[in-house]
1. Taking the stated definitions as given, is L90 in contact with an Asp or Glu (Cβ under 7 Å, 6 or more places away or on another chain) and at pLDDT 95 or above?
2. Kindly indicate whether Q220 is within 20 Å of L45 (Cα to Cα) and polar (S, T, N, Q).
3. With the condition kept exactly as written, say whether any residue in region 210-219 is farther than 20 Å from M80 by Cβ, of a type in the set (V, I, T) and surrounded by 18 or more Cβ atoms within 10 Å (Cβ to Cβ).
4. What do you reckon, is G74 part of a helix (DSSP H, G or I), open to solvent by 40 Å² or more (accessible area, probe 1.4 Å), touching a residue at least 12 places away in the same chain (Cβ under 8 Å) and among the small types (G, A, S)?
5. Answer yes if at least one residue in region 152-160 is open to solvent by 40 Å² or more (accessible area, probe 1.4 Å), part of a strand (DSSP E or B) and either in contact with a Leu (Cβ under 9 Å, 6 or more places away or on another chain) or at pLDDT 95 or above (or both), and no otherwise.
6. Please work out if D40 is of a type in the set (D, E, K, R), assigned to a loop (DSSP other than H, G, I, E, B) and open to solvent by 10 Å² or more (accessible area, probe 1.4 Å).
7. Can you run down the residue pairs with Cβ atoms below 9 Å, 6 or more apart or on separate chains, where the first is in region 220-236 and open to solvent by 50 Å² or more (accessible area, probe 1.4 Å) and the partner is aromatic (F, W, Y) and in a helix (DSSP H, G or I)?
8. Taking region 171-181, which residues are touching a helix residue (DSSP H, G or I) at 6+ places or on another chain (Cβ under 7 Å) and either open to solvent by 40 Å² or more (accessible area, probe 1.4 Å) or not basic (K, R) (or both)?
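The values are calculated or read from the model by the stated rules, or taken from the named source; none is laboratory data. For clarity, every value in this text was computed on a predicted model and none was experimentally measured. Virtual Cβ from ideal backbone geometry, glycine too; neighbours counted across all protein chains shown. Side chains included, ligands, DNA and RNA excluded: accessible areas come from the protein's heavy atoms. Shrake-Rupley method; radii C 1.70, N 1.55, O 1.52, S 1.80 Å.
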Amino acid sequence: MHELDLTLATPAENLACDEVLLDACNQGGPEVLRFWEAADRFVVLGYSNRFLTEVDPTACQRWRVPVLRRISGGGAVVQMPGCLNYALVLRLDGDARRQTIGATNQFVLGRIAKVLQPLVGADVRVDGDTDLALGSRKFAGNAQRRLAQALLFHGCILLKADIDWMERLLPLPSRQPAYRAGRRHHDFVTNLGLAPGVVKAALRSAWGAVTPLVEWPPIQVEPLVRTKYTDGSWIRKF
């Protein structure tokens, strides 16, 4: 597997980059583990999230926090400094562990939990289908996008994020895992407190991502940014 440690200049470019890597793999390109980190705050809606339900647009406008939408499922997240994003782009290749959404969740999250657990010295759980948690508190949300020959599995790991911003910008989600039990963000979410480099090294080891990705199609990012990720009809589509 190839590794790409690349943070682009804008939120839209970073979201588009994941889609470009997925499309390339779907067309026979390499499997990739990518890392990126947000320089500023912004909100990202899941593909089918309702704009007026899953985010507080008035608060976002007040604090000048942009809202974007990604191509994968899951709920709304606040991206900000202190978050580490990873994206796994995997070929399907007949691997039974990658053929369904549920099997892929268990395969990917189980492997990540296994390598993070010794770093935090506590039990890392896969909970609520797509969450990683310490005890009963979530520290990473994850989502998928599946094509005919490849899939994108990406997530946001909270390392030293300011959880106050979740309270300011996001209402309680309309869909909640049972283990959340209606808790507010402050009572439900936690930080790992690890350095980004430590987590990156663990994930590289878990996925055997030892070869830097030197050639990738950056020219495809700009059209996606222009026609999708900064397009109000895409962002407010639901």
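1. yes
2. no
3. Our first condition is that a residue be farther than 20 Å from M80 by Cβ; within region 210-219, this holds for 210-219.
Okay, now just the ones that are also of a type in the set (V, I, T), so 210-211, 214, 219.
So of that shortlist, the ones also surrounded by 18 or more Cβ atoms within 10 Å (Cβ to Cβ) come out as none.
The answer is no, given that none of the residues of region 210-219 is farther than 20 Å from M80 by Cβ, of a type in the set (V, I, T) and surrounded by 18 or more Cβ atoms within 10 Å (Cβ to Cβ).
4. On the way: part of a helix (DSSP H, G or I): no; open to solvent by 40 Å² or more (accessible area, probe 1.4 Å): yes; touching a residue at least 12 places away in the same chain (Cβ under 8 Å): yes; among the small types (G, A, S): yes.
Here the answer is no, as G74 does not meet what is asked.
5. No - not one qualifying residue is present in region 152-160.
6. So D40 passes the test.
7. Once the first residue is open to solvent by 50 Å² or more (accessible area, probe 1.4 Å) and sits in region 220-236, its partners that are aromatic (F, W, Y) and in a helix (DSSP H, G or I) give T227/W234; R236/F51.
8. P173, S174
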